[in-house]
Each structure stands twice: as structure tokens, then as C-alpha cells.
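S.K.: Just dropping this structure here.
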Amino acid sequence: MADVITYREAVADGIAREMRRDAAVVCLGEDIGAAGGVFKTTAGLIEEFGPARVWDTPISDRPSSARRWAPR
């Protein structure tokens with residue numbers, strides 16, 4: 001019988017595999033860096049890949065926050 005993993009573990013493994021495979025892959029989202037994401041699907045990525053490839057985006061519902069991330 002094959003090893004059984006959780007959905008969360010599968011997502012985390014898939015993200016990490018792609019980031020290892022391709023240095024151009026980045027991961028961005030709310031609270032995904034040091035906190036590892038709400039569901040811990042990005043836990044360990046900041047330690048392995050650093051802040052240049054794991055981006056914490058602002059946690060805000062204010063429309064002005066989107067302007068900070070928009071290309072100029």
C-alpha cells in the first residue's frame with residue numbers, strides 16, 4: 001500500500017518541488033512567509049528559498065493596498 005499523506009502535505013510538497021525545479025517560480029500570498037500560511041501549506045518555504053522567492057503580501061481589504069503591488 002502506498003504512503004498516505006494529507007491534502008495539506010500534498011500541496012506543500014507540490015509547491016516546494018516546483019520551486020526546487022525552476023528558480024523562476026515564486027510564491028506570494030497573505031501571511032505565507034514566516035507564518036507558513038493559514039493552513040501551513042507554505043511552512044518552511046521562506047527558510048529554504050528566502051524572501052526573494054516567498055513574498056508576504058499585505059493583509060488588507062483596503063483598495064489602496066493593491067496600488068502598492070501594482071507595476072509602475
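S.K.: For the range 36-60, enumerate the residues that are at pLDDT 85 or above, of a type in the set (A, V, I, L, M, F, W, C) and in a loop (DSSP other than H, G, I, E, B).
M.R.: Across the range 36-60, the qualifying residues are 39, 43, 52.
S.K.: Oh, and also: Of all residues in the range 30-58, count the ones that are out of contact with any Lys or Arg (no Cβ under 8 Å at 6 or more places or on another chain) and at positive phi.
M.R.: 5
S.K.: Mind listing whichever residues of the range 1-34 are farther than 17 Å from residue 55 by Cα, free of Cβ contacts under 8 Å to residues at least 24 places away in the same chain and either among the basic types (Lys, Arg) or in a helix (DSSP H, G or I) (or both)? Don't jump to the end; show me each part of the working.
M.R.: As a first pass, look at the range 1-34 and keep what is farther than 17 Å from residue 55 by Cα: 1-11, 13-14, 17, 21.
Restricting the remaining residues to those that are free of Cβ contacts under 8 Å to residues at least 24 places away in the same chain gives 1-7, 9-10, 13-14, 17, 21.
Listed by number, the residues that qualify are 7, 9, 10, 13, 14, 17, 21.
S.K.: For the range 27-42, how many residues are farther than 16 Å from residue 58 by Cβ and open to solvent by 60 Å² or more (accessible area, probe 1.4 Å)?
M.R.: As a first pass, look at the range 27-42 and keep what is farther than 16 Å from residue 58 by Cβ: 36, 39-42.
Filter once more, keeping what is open to solvent by 60 Å² or more (accessible area, probe 1.4 Å): 39-40.
Residues meeting the conditions: 2.
The values are calculated or read from the model by the stated rules, or taken from the named source; none is laboratory data. All figures in this text were calculated on a predicted structure; none of them were measured in a lab. Neighbour counts are summed over all protein chains in view; Cβ atoms, including those assigned to glycine, are modelled from backbone coordinates with ideal geometry. Accessible surface areas use protein heavy atoms only, side chains included; no ligands, DNA or RNA. Shrake-Rupley method; radii C 1.70, N 1.55, O 1.52, S 1.80 Å.
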